[in-house]
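Following: one structure in structure tokens, then a few remarks.
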Amino acid sequence: MESFTKKYCIITYGCQMNLHESEKLAGILQTLGYVKTEDETKADIIVFNTCCIRENAEKKAEGNIGALKKLKRAKKDLIVAVGGCMTQQQGYAEKLTEKFPFIDIVFGTHNLENFAEFVIAKTESKKHVVAVDEKEGKIIEGTPKARSSFPNGWVNITYGCDNFCTYCIVPYVRGRERSRLPEEIINECKQLVELGYKEITLLGQNVNSYGRDLGNINFAALIRQVSKIQGDFRLRFMTNHPKDLTEDLVRAIAESDKTARSIHLPVQAGSNRILKLMNRHYTRGEYLAKIALLRSYMPDIAITTDIMVGFPTETDEDFNETMSLVEEVRFSGAFTFIYSPRSGTPAAKMAGQISEDVSKERIMKLIDLQNAINREQSRAYVGKEIKVLCEGYDEKKNKYLGRDTYGRMAYFAGKNLIGKFVKVKITKAGGISLLGELVAVEE
Ligand code: 5AD
Ligand code: SF4
């Protein structure tokens with residue numbers, strides 16, 4: 001036995017998929033005897049789980065990796081590992097180790113499950129490890145997970161993406177779409193419910209196309225199966241592709257008493273010309289028809305979205321079509337992005353790249369519009385009593401926080417509430433979130 005316990009610190013960038021994969025990295029490190037620390041200076045191993053969806057995600061990670069040089073010099077045995085989407089890009093691992101020679105382990109998205117081997121190899125031989133497989137392998141089950149998102153449990157259902165939207169790097173760094181077997185998914189969900197998790201979020205780059213490679217199951221059927229699991233929990237899933245949202249799936253969501261009344265349905269743009277250039281496989285009209293379909297089954301469903309501005313050749317007219325679509329749909333929330341050219345994607349080579357100034361002006365207008373919609377929707381909550389799953393505590397605000405079935409965030413005071421469904425009376429509306437008073441705790 002060693003006289004002290006080794007510590008790990010994981011720094012995560014990007015999406016929910018990465019957050020969950022960091023739970024797997026933590027699980028692997030705990031199996032090796034490491035314990036968690038949030039303090040980089042106390043860590044014996046620091047792992048960066050990176051993202052490359054936009055240039056600023058990469059810049060941020062590279063900046064923070066670079067900043068470790070000093071610590072590494074002072075602490076010779078410190079292991080620095082870098083994994084995730086950034087390292088999976090072609091030729092990137094070499095670039096990274098050249099730029100930051102002090103990195104000990106570089107591992108790709110297809111190599112995460114073997115992370116224990118890399119740490120052991122590095123500890124024993126002191127040699128650098130670079131493991132970035134070009135192609136995805138079969139799904140590997142049984143990787144330990146040290147979950148850190150209670151009362152929400154992330155559950156992977158698909159890996160990779162086959163859609164090749166022309167701006168997006170995901171299909172290149174995550175490989176082809178693979179679905180996990182339904183029995184594996186159901187077992188994991190059951191375990192989570194037995195452990196007291198109150199929310200399950202099914203994860204995939206496009207959950208709607210779940211099962212396409214398995215043949216005998218689709219996402220609607222999976223929703224129906226998960227909804228049959230006994231227990232008091234809420235079911236969420238992300239992310240969705242409009243082209244694969246079928247009426248049967250909408251019906252499965254509507255008929256499930258477990259599924260939250262909210263859906264994330266990225267639209268990206270409101271102009272047909274741009275949607276075509278993006279290779280999204282739907283028109284503005286078809287997107288609006290999906291919204292109408294969702295609302296015909298669930299009139300109150302909250303719809304959130306992702307929108308991009310400044311895609312190559314986007315004119316003011318194209319952008320105005322995005323604005324008018326946002327006005328028309330009245331999303332409950334929107335993640336807005338400035339298009340960022342990603343090397344190796346078709347859009348990066350397109351003529352007509354838009355200047356940063358124009359893109360910035362457009363995104364500000366879009367944010368203003370969506371903020372106004374958010375405020376209006378928040379105001380409508382004042383005086384209402386809502387059911388919220390308490391998911392955390394905000395130290396700065398000194399309040400608990402949680403979301404209702406529509407995904408709207410509320411803050412409230414109380415005691416020992418994390419993981420409980422509570423009734424909150426809304427007293428004040430913020431920009432997007434709400435402030436309320438605790439009325440009751442469900443047992
Ligand atoms: N530039 C800007 N935003 C992007 N997204 C994906 N690729 C890019 C890119 N190259 C956005 C899309 C997607 C979200 C996860 O990130 O809106 O839905
Ligand atoms: Fe990227 Fe499009 Fe796949 Fe989403 S669906 S991960 S935007 S390629």
Members of the stretch 55-92 that are open to solvent by 60 Å² or more (accessible area, probe 1.4 Å), within 22 Å of the chain's Cα centre (by Cα) and in contact (Cβ under 8 Å) with a residue 12 or more places away in the chain: Glu55, Asn56, Lys60, Asn64
Odd one out for Tyr406, checked against (1) without any contact (Cβ under 8 Å) to a residue 24 or more places away in the chain; (2) within 16 Å of Arg330 (Cβ to Cβ); (3) open to solvent by 70 Å² or more (accessible area, probe 1.4 Å); (4) not basic (Lys, Arg): (1)
For Gly215: the one exception among (1) away from ligand 1 (no atom under 16 Å from the Cβ); (2) at pLDDT 95 or above; (3) more than 15 Å from Gln16 (Cβ to Cβ): (2)
Counted residues, the stretch 167-184 - those being assigned to a loop (DSSP other than H, G, I, E, B) and either at positive phi or surrounded by 18 or more Cβ atoms within 10 Å (Cβ to Cβ) (or both): 6
Members of the stretch 160-192 that are within 18 Å of Leu19 (Cβ to Cβ), within 16 Å of ligand 1 (Cβ to nearest atom) and out of contact with any Pro (no Cβ under 8 Å at 6 or more places or on another chain): Val170, Val173, Arg174
Flag for Ile157 being open to solvent by less than 20 Å² (accessible area, probe 1.4 Å), within 21 Å of the chain's Cα centre (by Cα) and either over 24 Å from Lys36 (Cα atoms) or among the hydrophobic types (A, V, I, L, M, F, W, C) (or both): yes
Within the stretch 224-240, tally of residues that are closer than 20 Å to Thr305 by Cα and either open to solvent by 10 Å² or more (accessible area, probe 1.4 Å) or in contact with a Gly (Cβ under 8 Å, 6 or more places away or on another chain) (or both): 4
From the options Pro151, Pro171, residue that is under 16 Å from Cys15 (Cα atoms) and of a type outside the set (A, V, I, L, M, F, W, C): Pro171
Some residue of the stretch 300-309 being away from ligand 1 (no atom under 13 Å from the Cβ) and touching a helix residue (DSSP H, G or I) at 6+ places or on another chain (Cβ under 6 Å): yes
Filter pass, Ala334 being under 30 Å from Lys428 (Cβ atoms), within 16 Å of ligand 2 (Cβ to nearest atom), crowded, with 19+ Cβ neighbours inside 10 Å and not hydroxyl-bearing (Ser, Thr, Tyr): yes
Candidates Tyr287, Tyr282 - the one that is within 16 Å of ligand 2 (Cβ to nearest atom), assigned to a helix (DSSP H, G or I) and farther than 29 Å from Tyr197 by Cα: Tyr287
Residues satisfying the stated conditions in the stretch 233-262, i.e. more than 14 Å from ligand 1 (Cβ to nearest atom) and either at pLDDT below 95 or in a strand (DSSP E or B) (or both): Arg234, Leu235, Arg236, Phe237, Thr259, Ser262
Candidate set: the stretch 97-128, residues that are hydrophobic (A, V, I, L, M, F, W, C) and surrounded by fewer than 21 Cβ atoms within 10 Å (Cβ to Cβ); chosen: the one nearest to Lys24 (Cα to Cα): Leu112
Members of the stretch 189-223 found to be within 16 Å of ligand 2 (Cβ to nearest atom) and open to solvent by 10 Å² or more (accessible area, probe 1.4 Å), listed by number: Gln205, Asn208, Arg212, Asp213
Single match in Lys290, Lys243 (criterion: under 23 Å from Ile373 (Cβ atoms) and of a type in the set (Lys, Arg)): Lys290
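Here is a yes/no grid of residues against (1) among the aliphatic types (A, V, I, L, M); (2) not in a strand (DSSP E or B):
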site	(1), (2)
Val382	yes, yes
Leu401	yes, no
Tyr411	no, no
Ile426	yes, no
Glu437	no, no
For Ser355: the one exception among (1) buried (at least 16 other Cβ atoms within 10 Å of the Cβ); (2) more than 16 Å from ligand 2 (Cβ to nearest atom); (3) closer than 30 Å to Tyr92 by Cα: (1)
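Is it the case, given these coordinates, that Tyr282 is of a type in the set (Ser, Thr, Tyr), within 16 Å of ligand 1 (Cβ to nearest atom), under 24 Å from the mean Cα position of the chain (by Cα) and open to solvent by less than 10 Å² (accessible area, probe 1.4 Å)?
When the stated conditions are applied, Tyr282 does not pass them.
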Those residues of the stretch 251-265 which are open to solvent by 10 Å² or more (accessible area, probe 1.4 Å) and within 14 Å of ligand 2 (Cβ to nearest atom), in sequence order: His264
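The values are calculated or read from the model by the stated rules, or taken from the named source; none is laboratory data. Given the structure is predicted, the values throughout are model-derived calculations rather than measurements. Because the Cβ atoms are built from the backbone with ideal geometry, glycine has one as well, and the counts that use them run over all protein chains shown. The area values use the complete protein model at the heavy-atom level, side chains included, leaving out ligands, DNA and RNA. Shrake-Rupley method; radii C 1.70, N 1.55, O 1.52, S 1.80 Å.
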